[in-house]
Amino acid sequence: MTDTRFSLALDQHLLSLPEGDVAVLNPAGDMDLSFADAGKLHLNQSFYPDHQALASRGFNVSVDTPASVTTSLVMCHRAKPATFDLIARAVAQTATGGIVAIEGAKTDGAESVLKAVRARFDGVEVYSKAHGKLFWFARPETLPDMSDWVAKPIALEGGFSTYPGVFSADGIDKGSALLAEHLPDLKGPVADLGAGWGYLARKILTSDGVKSLDLVEADHHALEAAKRNITDPRAAFHWGDVTYHVGSNYAAVVSNPPFHIGRKPAPELGQMFIRRAADMLMPKGQFWMVANRNLPYEQTLNERFGQVDTIAQTAGFKVICARRPMTAAQSARSKR
């Protein structure tokens, strides 16, 4: 389990929990939650892998916040606007006199968040530890105006809508734009792995031959944005990560896979997407992906596909089409 500054502060009697229920907003899947009885905890997590990890540990976890608690702990989001939205929600759901606590690393912008919180709330206390901060205050009866902290949909050109904190919330990322430029007209059932807020999905659905499109996305907020952006009846929306089972026998799988976990590079994520795509495709299916040019995907692609072609390259990205998918067993036999 990952220790938190909140737990350490409780152990050192720097603060104490009021009687009643406790909400934790944006907890990691491996977060130490032993500071409160499991029956009193209400966890709010919209990222599928962490959501599932917490649920598998037996916790009450939802994408919504509870109506009322006496303590709320916000774990800072990597995107500052999303953190402020979490704080606004935490304050709204916490009873008067209850504790609102915020915890984050320096890399999460905890210093600037603390400054903003101090500008609106009195009596903010701080505990610094391990290149980060925990700060908390008693929820006042009369609240300051926090309407500017509440997340609102972001309107982009082309009629797209996104949400603070999702990948590429402020505009179309260069990798997806390059992939969209080189996608051919597709046919049959198609899956979009890591569909985000639906930019590639809209491009895919311009092909009349596409029979159906399954959008698979781990970020619940991004998927909700995709539902607003994609109204084509051929589209179906699935909240899940790369391990999520949608189906098989797709004619094509399209993906701009993630390559970070939080702020840490994680090229193994893209490799998992490649293997998952190979499992999902029909024998004559094709996998279209875009990736940063320096990411080591070719070995995995060649292990799971009989034909791998680089379709386009720029200074930063490469578009790849892989055909003749192999199962893991077939790949193992081919190495003998």
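The values are calculated or read from the model by the stated rules, or taken from the named source; none is laboratory data. Everything numeric here is computed off the predicted structure, so don't read it as measured data. Virtual Cβ from ideal backbone geometry, glycine too; neighbours counted across all protein chains shown. Areas reflect the complete protein model, heavy atoms only, side chains present, ligands, DNA and RNA absent. Shrake-Rupley method; radii C 1.70, N 1.55, O 1.52, S 1.80 Å.
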Exercise for review: Check cross-link reach from residue 203 to the aspartates and glutamates: straight Cα distance under 15 Å, and skip same-chain residues fewer than eight apart.
Suggested key: 157, 173, 181, 185, 192, 214, 232
Review point. Of 184, 169, 143, which is farthest on the positive side of the dipole of the range 88-224, counting Cα position, with +1 on Lys and Arg Cβ, -1 on Asp and Glu Cβ, and the Cα centre as origin?
Key: 143
Revision key, fill the gap. Of the accessible area of the chain, computed with a 1.4 Å probe and all protein chains kept, carbon and sulfur make up a percent value of 51 percent
Exercise for review: Would you kindly find the accessible area of residue 77, with a 1.4 Å probe and non-protein molecules such as ligands, DNA and RNA excluded, rounding to the nearest 10 Å²?
Suggested key: 30 Å²
Practice item. Using the Kirkwood radius over Cα pairs, work out the Stokes-Einstein diffusion coefficient for the chain at 20 °C and 1.002 mPa s, in µm²/s as a whole number. Key: 99 µm²/s
Check your understanding: Can you pull the accessible area of residue 230 for me, 1.4 Å probe, Å² to the nearest 10?
Key -> 10 Å²
Revision key, fill the gap. Note: residue 328 to residue 311 extended length (0.36 nm per residue) minus current alpha-carbon separation gives 3.6 nm
Point to revise | the range 101-176: GluC sites (Glu not before Pro) in DSSP loop, at most 15 other beta carbons within 10 Å | key: 141, 157
Study note, to complete from the structure: Note, residue 48: beta-carbon cut-off 10 Å, +1 each Lys/Arg, -1 each Asp/Glu, net -4
**Study point:** At 1.306 mPa s and 10 °C, Stokes diffusion of the range 98-234 via Kirkwood alpha-carbon radius, µm² per second
**Key:** 89 µm²/s
Review point. What is the distance, in nm, between label points placed 7 Å from the Cα along the Cα-to-Cβ direction at residue 14 and at residue 122?
Key: 2.3 nm
Review point. Say the cut-off is 25 Å between C-alpha atoms; which of 187/318; 129/152; 40/227; 40/80; 106/174 go over it?
Key: 129/152; 40/227; 40/80; 106/174
Revision key, fill the gap. Of all DSSP beta bridges with both partners in the chain, the antiparallel percent, nearest 5, is 45 percent
Review point. Based on DSSP H assignment, which helices of the chain show an axial Cα extent of at least 15 Å together with a mean Kyte-Doolittle hydropathy greater than or equal to 0.0?
Key: 80-93
Review point. Residue farthest toward the positive end of the dipole of the chain, with Cβ of Lys/Arg at +1 and Asp/Glu at -1: which of 95, 216, 130?
Key: 216
Exercise for review: Let me have the relative contact order for the range 105-184, percent, based on Cα pairs under 8 Å that are six or more residues apart.
Suggested key: 17 percent
Practice item. Report, to two decimal places, the Cα Rg of the range 8-139 normalised by 2.2 N^0.38 Å (N = number of residues). Key: 0.97
**Study point:** Sparse-neighbourhood loop sites, chymotrypsin sites (Phe, Trp or Tyr not before Pro) in the range 1-98 - DSSP loop, at most 12 other Cβ within 10 angstrom
**Key:** none
Exercise for review: Order 174, 129, most accessible first, counting only protein heavy atoms with a 1.4 angstrom probe.
Suggested key: 174, 129
Check your understanding: So which trypsin sites (Lys or Arg not before Pro) in the range 202-283 end up in coil per DSSP with only 12 or fewer other C-beta atoms within 10 Å?
Key -> 263
Exercise for review: Determine how many Å³ per residue the convex hull of the Cα atoms of the range 169-211 encloses.
Suggested key: 65 Å³
**Study point:** Dmax and Rg, reported as Rg then Dmax, of the range 162-314 (C-alpha, Å)
**Key:** 14.3, 40
Study note, to complete from the structure: Here the relative contact order (percent) of the chain, from C-alpha pairs under 8 Å and at least 6 apart, is 11 percent
Exercise for review: Count the DSSP beta bridges whose two residues both fall in the range 242-336, then state the antiparallel fraction as a percent rounded to the nearest 5.
Suggested key: 75 percent
Exercise for review: For residue 317, enumerate residues with amide H under 5 Å from its amide H, sequence gap 5+ or separate chain, H modeled in the peptide plane.
Suggested key: 293
